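Single-structure report; data block below.
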4 protein chains.
Amino acid sequence: MQDFQQVINSIHKQLKDEINRGLVANYIPELSHIDVNNFGIHLKLISGENFSVGDSQVPFSIQSISKVLSLSLAFQLQGNALWKRMDVEPSGDPFNQLSLLELENGIPRNPFINSGAIVIADILVSQLKNPKEEFLHFVRDLANDQTITYNPAVAASEKATGYTNYAAAYLLKSYQNLENEVDKVLDFYFYMCSLEMNCEQLTNAFYIFANHGVCQQNKTWLTTSQIKRINAIMLTCGFYDEAGEFAFEVGLPGKSGVGGGIVALLPNNFVISTWSPGLNPRGNSKIGMQALEAFTTKTKLSIF
Amino acid sequence: MQDFQQVINSIHKQLKDEINRGLVANYIPELSHIDVNNFGIHLKLISGENFSVGDSQVPFSIQSISKVLSLSLAFQLQGNALWKRMDVEPSGDPFNQLSLLELENGIPRNPFINSGAIVIADILVSQLKNPKEEFLHFVRDLANDQTITYNPAVAASEKATGYTNYAAAYLLKSYQNLENEVDKVLDFYFYMCSLEMNCEQLTNAFYIFANHGVCQQNKTWLTTSQIKRINAIMLTCGFYDEAGEFAFEVGLPGKSGVGGGIVALLPNNFVISTWSPGLNPRGNSKIGMQALEAFTTKTKLSIF
Amino acid sequence: MQDFQQVINSIHKQLKDEINRGLVANYIPELSHIDVNNFGIHLKLISGENFSVGDSQVPFSIQSISKVLSLSLAFQLQGNALWKRMDVEPSGDPFNQLSLLELENGIPRNPFINSGAIVIADILVSQLKNPKEEFLHFVRDLANDQTITYNPAVAASEKATGYTNYAAAYLLKSYQNLENEVDKVLDFYFYMCSLEMNCEQLTNAFYIFANHGVCQQNKTWLTTSQIKRINAIMLTCGFYDEAGEFAFEVGLPGKSGVGGGIVALLPNNFVISTWSPGLNPRGNSKIGMQALEAFTTKTKLSIF
Amino acid sequence: MQDFQQVINSIHKQLKDEINRGLVANYIPELSHIDVNNFGIHLKLISGENFSVGDSQVPFSIQSISKVLSLSLAFQLQGNALWKRMDVEPSGDPFNQLSLLELENGIPRNPFINSGAIVIADILVSQLKNPKEEFLHFVRDLANDQTITYNPAVAASEKATGYTNYAAAYLLKSYQNLENEVDKVLDFYFYMCSLEMNCEQLTNAFYIFANHGVCQQNKTWLTTSQIKRINAIMLTCGFYDEAGEFAFEVGLPGKSGVGGGIVALLPNNFVISTWSPGLNPRGNSKIGMQALEAFTTKTKLSIF
């Protein structure tokens, strides 16, 4: 068996002093203040063994990574009825999301582009009595950690500046692909994105996707087929306009967020999370991508 | 001199019993209840002489025709600074307005597509202390008629269902081409569209565009150059996706609204308004278009 | 009556030494060698009176201006059947012509964008035995001048570099909106664009559009309705992405070409041609636009 | 170890009498005559063991599957210089390929959409002395089978009707992303698509992608990194607008063609080819997709 602690240590050592770390997202003050030098990795094997290095215990804003968790809850509640309201195909262009939505009559390309994640939020608002509480409860259960919380200041900032999301939501509404009021749906959507977790918690929460739908506490949340579907979407749509690049460089299903987090996994094998807040021009963590590329290269554990 | 009363009488007679009158706009209840058989014409010569026939005294919702009036007020207040925030070219496609706005980085194609008219509304909200009162005052002055009013029920209905306008406004906001809050701007925008006028009032209000910027009461509101600009925009952009067709059929600068009104004019010659609430598939009054085509054919008074 | 010779003399004097004359089209050598200082004007009144100044007798490549002439011949041959294969509405964007064609299933927006003019060429290839000869004959007859010729070197150059036109033609073919072979159609299309005329010849050829379809030799080529249609298209689509601007600045139906020529007209009044080879960023003759704007301002002869 | 022969036998038995087999491609006569009931499977393990069932020895037109082979040869010849001329990201929409190409300034989204494959053909035309011979030689070597041939009748048919490909090629040419003459490039492109192979030959030719770049005859054609890149592109872009669906249903890198063939592989494990000429609405073999889904479900051999 490989010495995983040694592998992540060496990756951490190699990348922690890299000068060119990308740019910290600056569209809201709460994210822009983060020190670009933060860098943590947490690895969990399917067996349950854990390996950590660096700032793996520092919580960060998971942002778009929350879209995998909200999709999971909606999928559990609605099953395949979900796919009447969105597709599962890669979107191609991030720069003209509204054009795409208009051309395709209000059906988002997949649940990870913003318009798709807003439809997921709408489903949860319809299905849950107290969406914020119940979603948080779900994430805490997945991660087996009751300390995970939202950051209301981050949510409020995004709400105050998220004009494109409002535009997408109203466009969805015009195509009757939003059941609830735009304000209600986006309020919840921004809350979900504001979830704060550290690398270890994120890894624990995603254990279920490597383990056929069964979480660490042995509870089965999703069917094997549902897990396969979510992993397939992570693989083809998880990295904005860089999905093809990530599939090549890393070769794992995964999801990134503009907070600088990435989580990736090999079914039946492991889950790994990285956090480094500097982003490359396509909006993915620069050092995180390099760390994951190094990890799959060194361990030969990828889908290829 | 031609016998204009006889001309409009014969047009009215010929078209009033036409079976195929198009469809009344049905997206809000207030508009859908209008009797499709309403049909009025009012003509005013540059000399001041008036000719009326049919339902020319029945008020109707002027809808997009208000965009010419709001543009005029904003143009008067801002001059050519206006054109930093929008262009003056025809838009081509009505079906993908948001795509176009996204492709052109938040600069609307012209002031008569919805996104352009929303920017105009934003300018008026910034420039005026009491936008609704002052705009109404401006229109009443132009028409020399203090009885003209908004219809708050129509404004409220449009507000409740105008999701595409909200999407456009938030997209403009994301491109920093909207200074005020979306809700405030759209509230005003929907009010302007809800203006109710009859054919005579509309004709009187547009007299200024045939008379080099001087209204009936001899007040100069706009420069000759500004009037020429507005007439040029009416000519190339006044009829949604049917501008080319209207230029051919009628050959006059003009503007239509989904309430079934059309106003058109020949500079130095006349202004004419028609109202027939049934629309053709491209959203312009079916009988109104035919009436204006007949008018310019019979009188040989067009730009061609 | 105005002293038209004095008017055009003063415009010529005012603009002939203007430093900033725009850029001569350089995509083919034959056009790029033209001296940017060429500048001519020719005016013909509906009465037949002529006024000339500057380089009005120097032939230049009429390029896209030929699209009005080819449309006229096709319209005469096919009547309104023509409009099954193209629309009459402004196109909005010049930069994504193929996108527009794809979105609209192979139906060009109007006969003056390249795809539309290629369909017109296809119609002429189908209808005429010897398209090149017969089209030249038609133009010579309109202009009453048998010395007008094609420039085969220009046609050959355009053919060798006209990849976008080939792309458009094949796309039309894929939508079954081209009857003949692409090579045959484009060969003819490039020939038409290579026509060389001077300002006087161009003015004479367009006399018919100001005179209800009757040319100088008193022959009726087109119906009044057909002429009105063509003038309407010139007004709304004649100046690439600057149609709205031209309608405002000049206020006349007209057509420009990248050779630096512009021809414009006021029905029942006059035809005027200008030539100055420097282009503004939107592809229209810079000095020519200014000359025409000055002409309509000084003479107050425009549609406004 | 699993009894693979039994697995593919049972899949074949289950699907061979399925009534709803999709529609055979009918855009050229040569493809439309194929009997829809053809159905073959060939499986090769990394160890070299082979398993066959049904019409696995009947040659069919591999069509777009050739794009993987041409990419491989160009990649071998040019290395990463290739990626200056195209991207590696999923394309999203198949219906507006030219729009996408225009929006992205002539850089194809990936080497498997037609415009990308045409650029690959252009590279091979530039790099090879006798492109057709050398490409065939390369494929025969990969498959270790000197009987593989082109079908000139299929190539000629596609050439005669491939207008969209001509449009794409000329558009590429206008963006200077095509070095050679369009006719020369497309002639070669259509030849490559006309390659005929049976399931066994196809499986053999793709063995290299499961075996780190080393073919059956132990020759190393591509580096491990190049193989990983090609597999990543197959995974994210191999199934037209159904890449996400295939990743979910089957969970393997693969490529389909409109001739009804599909080849898929699990690195280090196996290669499998299926052929059933009926297509689903998105252009992939209907029964082939079902067979591969059944195979990965039964054997649990997929990336998930």
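The values are calculated or read from the model by the stated rules, or taken from the named source; none is laboratory data. Note that the structure is predicted; figures quoted are calculated from it, not measured. As a convention, Cβ positions derive from the backbone with ideal geometry for all residues, glycine included, and neighbour counts pool all protein chains shown. Keep in mind that these areas ignore ligands, DNA and RNA; they rest on the heavy atoms of the full protein, side chains included. Shrake-Rupley method; radii C 1.70, N 1.55, O 1.52, S 1.80 Å.
Values for this structure:
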quantity	calculated
Peptides ranked, highest mean first, by Cβ atoms within 10 Å: ranges A:166-172, B:121-127, D:136-142	A:166-172, B:121-127, D:136-142
Ranked by how many other beta carbons lie within 10 Å on average, peptides D:73-83, D:248-258, B:107-117 from highest	D:248-258, B:107-117, D:73-83
Ranked by how many other beta carbons lie within 10 Å on average, peptides A:270-277, C:218-225, C:234-241 from highest	A:270-277, C:234-241, C:218-225
Neighbour net charge for residue B:6 - beta-carbon separation under 12 angstrom, K R +1, D E -1	+1
Amide H partners (placed H, <5 Å) of residue A:270, local residues excluded	A:46
Accessible area in square angstrom per residue, the protein assembly as shown, 1.4 angstrom probe	34
For D:224-234, mean number of other protein chain Cβ atoms within 10 Å	4
0 to 90° range, to nearest 10: angle between helix A:66-78 axis and chain A longest Cα axis	60
Within straight-line cross-link reach of residue A:219, aspartates and glutamates at Cα separation under 15 Å, skipping those fewer than 8 residues along the same chain	A:141, A:145
Amide proton proximity set for residue A:24, modelled H, under 5 Å, gap of 5+	A:279
Size of the A/D contact, given as accessible area buried on both chains, probe 1.4 Å, in Å²	2900
FRET E, pair residue D:219, residue D:2, Förster distance 30 Å, beta-carbon r, rounded to 0.05	0.55
Cβ neighbours within 10 Å from other chains - mean over B:171-182	3
Net charge over other residues, Cβ less than 15 angstrom from the Cβ of residue C:227 (K, R count +1; D, E count -1)	+4
Residue C:269-residue B:23 pseudo-label distance in nm [points 7 Å out on the Cα-to-Cβ vector]	4.2
Charge dipole magnitude, Cβ of K and R +1, D and E -1 - chain C, Cα centre, debye nearest 20	500
Nearest-ten-degree value, helix A:4-15 long axis tilted from longest Cα axis of chain A	80
Summed side-chain charge close to residue A:198 - residues other than residue A:198 whose Cβ falls under 12 Å, Lys, Arg +1, Asp, Glu -1	-4
Accessible carbon and sulfur surface of the stretch D:103-227 relative to its total accessible area, %, 1.4 Å	45
MRE, 222 nm, helices only [DSSP H, n ≥ 4, -39500 (n - 2.57), over the protein assembly as shown, to nearest 500]	-14500 deg cm²/dmol
Peptide B:141-154 - average C-beta neighbours from other chains (10 Å radius)	0
Nearest-20 debye value, the stretch C:202-273 charge dipole, Cβ charges on Lys, Arg, Asp, Glu	420
On Cα atoms only, tilt of A:163-174 relative to the major axis of chain A in degrees	50
Per-copy distances of the residue D:46 label point, shortest first, in nm (7 angstrom along Cα→Cβ)	1.6, 8.6, 8.7
Listed residue pairs exceeding 21 Å between alpha carbons, taken from D:84/D:228; B:228/B:286; D:44/D:298; A:44/A:132; A:132/A:228; A:132/A:184	B:228/B:286; A:44/A:132; A:132/A:228
